[in-house]
Amino acid sequence: MGFSLKTLFLRCIHYPSKFIYPLIPVPVPDLISGPGSITNLPESVRSQRIDKVLIVTDKGLTSIGLADKITGPLNEEKIPYCIFDGVQPNPSIQNIEDGLSIYQDNNCNGIIAFGGGSPMDCAKMIGARASNPGKPVRKMQGKFRVWRSLPPLIAVPTTAGTGSEATVAAVVSDPDTHEKFAVVDLKLVPKVAILDAELMLGLPPHVTSTTGMDALTHAVESYVGLMSTPFTRKNSLDATKIIMENLEQVFQDGSNPEKRDQLALASYYAGLAFTRTWVGYVHAIAHNMGGLYGVPHGLANAIILPYVLDASIEQAKNQLADLAVVSGLGQANYCKDVLARKFIDKIKLMNKKMGIPSFIKELKEEDIPLIVKRALAESNIDYPVPRIMNKQEMTELVNQLLP
Ligand SMILES: NC(=O)c1ccc[n+]([C@@H]2O[C@H](COP(=O)([O-])OP(=O)(O)OC[C@H]3O[C@@H](n4cnc5c(N)ncnc54)[C@H](O)[C@@H]3O)[C@@H](O)[C@H]2O)c1
Ligand SMILES: [Fe+2]
């Protein structure tokens, strides 16, 4: 009884949102894409009227010299910049404050985010803090709580996964509470996104596979959720098709810029989709794995995705069948149950072939009640999932992830 009343309550929020959300004018960044497109960076900096730019990146990228790919063109064009490379995976509030100090001390008036989702999200929040200096990061948690517009932000992703270059979100870790939380605001969408697959050629195979599965999770959670629109469905289907056709090959041999380019576009398309529809239980659980144990976001999603789909197959079978068809797993006239099952089995097989386990090795049984509580709190109102789970069902699901 309690469960059905709760479901009714949540659906009373989800269904009206389905009609209201598409009315929200989510900005789309100016997209510059294709191998070698990083050469357009100085022009983008100038067109955004930036006098001095802060580059936000991580030590992984400065240590392998990849950051030279952007400082080179800036040096040639004599564009002043400074670098903050202290972003950690699952960026923390402290990372944001450290970057903000460098931004303010050097009188910067624009930001380049260079890296995966971690530097991109950290850069978004440095920008949000710079233009809202009286507002601590925690006070911006949730929806539409960034008051003033950010300084111009140019996103240059070096992984093909998060789609953060297209989204309204920044995900932040709070080491004090071991939580990951999202700041969601239209002002967080970067002004420009430069997708240059040549920057991704050296991505290690396990980062290629897990970030690619993050993008697939965005496409799938957006597609099976109640809030999808024709625009988001097209982007989800395109992203899914590309990932299914290319990810395993690129995992085996990442040296082909055209295939890398396809994956970068897929990640961007999936970002365009999920930023208009929200995600689902996979992300709600994965954020806890990141917050509690530091499990990389894409790895957590890849592991959790088939479990959540297995649990939602009845409610989402038509959508999963569509995804199976674009993945080349069958014809549209096949039985939906069979197609949906094939799609989930394909994800399990991909994980296996790419060395992704079927459990979270860090997960501890005693943490499960907290994980369930936080995952349901994150998803209940916001995530329009096809099957709403209660505490017991979510507990059973998370239990399956134990090593
Ligand atoms: N804002 C959003 O919409 C959104 C969506 C999904 C995920 N996220 C967040 O993004 C973060 C994860 O981002 P991610 O998966 O891209 O990983 P990441 O940014 O944490 O990078 C992972 C590792 O890959 C390395 N790396 C990145 N690019 C490389 C390259 N080209 N060559 C060699 N090494 C490279 C980095 O140095 C780092 O060590 C999480 O915090 C997650 O919550 C945000
Ligand atoms: Fe994600």
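The values are calculated or read from the model by the stated rules, or taken from the named source; none is laboratory data. Quick caveat: nothing in here was measured; it's all calculated off a predicted structure. Note that each Cβ is placed from the backbone with ideal geometry, even for glycine, and that neighbours are counted across all protein chains shown. What goes into the accessible areas is simple: the full protein's heavy atoms, side chains included, and nothing from ligands, DNA or RNA. Shrake-Rupley method; radii C 1.70, N 1.55, O 1.52, S 1.80 Å.
Go ahead and set up a Gaussian network model of the chain, Cα springs under 10 Å, then flag whichever of 264, 332, 316 fluctuates most.
So, out of 264, 332, 316, the one fluctuating most is 332.
Could you check the spin-label model distance between residue 400 and residue 68? Points 7 Å from the Cα along Cα→Cβ, value in nm.
Taking the two extended label points, one gets 4.8 nm.
Taking every DSSP beta bridge with both residues inside the stretch 146-225, roughly what % is antiparallel (nearest 5)?
75
Below 8 Å between Cα atoms, with a sequence gap of 6+, how large is the relative contact order for the stretch 149-269 in percent?
Relative contact order of the stretch 149-269: 32 percent.
In whole percent, what relative contact order does the chain give with Cα contacts below 8 Å and a gap of six or more residues?
Over the chain, the number comes to 16 percent.
I want to verify a result. In a Gaussian network model of the chain, Cα cutoff 10 Å, which of these has the top mean-square fluctuation: 355, 294, 65?
Result: 65 has the largest fluctuation of those listed.
Extension gain residue 177-residue 256, at 0.36 nm per residue separation less the Cα-Cα distance, in nm?
24.3 nm
Could you check the simple spin-label distance between residue 358 and residue 5, using points 7 Å along Cα→Cβ, in nm with one decimal?
Inter-label distance under the simple model: 3.9 nm.
Given a 1.4 angstrom probe, I'd like the percentage of the accessible area of the stretch 268-386 that is carbon and sulfur, rounded to a whole number.
Carbon plus sulfur share of accessible area: 55 percent.
With an 8 Å Cα cut-off and a minimum separation of 6 or more residues, compute the relative contact order for the stretch 34-200 in percent.
Computed over the stretch 34-200, the figure is 26 percent.
For the stretch 34-200, which whole-number percentage of the solvent-accessible area (1.4 Å probe, protein heavy atoms only) is attributable to carbon and sulfur atoms?
That fraction is 49 percent.
With each run of n ≥ 4 DSSP H residues scored as -39500 (n - 2.57), what mean residue ellipticity at 222 nm is computed for the chain after dividing by its residue count and rounding to the nearest 500 deg cm²/dmol?
The helix-only estimate for the chain comes to -17000 deg cm²/dmol at 222 nm.
Strictly over 27 Å apart at the Cα level, which of 69/352; 336/361; 317/361; 139/234; 143/348; 18/336 would you flag in this model?
Result: 69/352; 336/361; 317/361; 139/234; 143/348 exceed 27 Å.
Tally the DSSP beta bridges in the chain and give the antiparallel ones as a percent, rounded to 5.
For the chain, the DSSP antiparallel bridge percentage is about 25.
If I fit a long axis through the Cα atoms of helix 281-293 and take the longest principal axis of the Cα atoms of the chain, what angle between them do I get, 0 to 90°, rounded to 10?
60
What does the charge count near residue 292 come to, summing +1 for each Lys or Arg and -1 for each Asp or Glu among other residues with Cβ under 15 Å from its Cβ?
Net charge around residue 292: -3.
If you filter the stretch 291-393 for GluC sites (Glu not before Pro), then keep DSSP loop positions with at most 16 other Cβ within 10 Å, what is left?
362
Per residue, how much accessible surface does the chain expose to a 1.4 Å probe? Answer in Å², no decimals.
Result: 40 Å² of accessible area for each residue.
Restricting to the stretch 34-200, what percent of DSSP beta bridges are antiparallel, rounded to 5?
Rounded to the nearest five, the antiparallel share is 30 percent.
Using a simple spin-label model with points 7 Å from Cα along the Cα→Cβ vector, what separation in nm is obtained for residue 143 and residue 366?
Each label point is offset 7 Å from its Cα along the Cβ direction, giving 3.7 nm.
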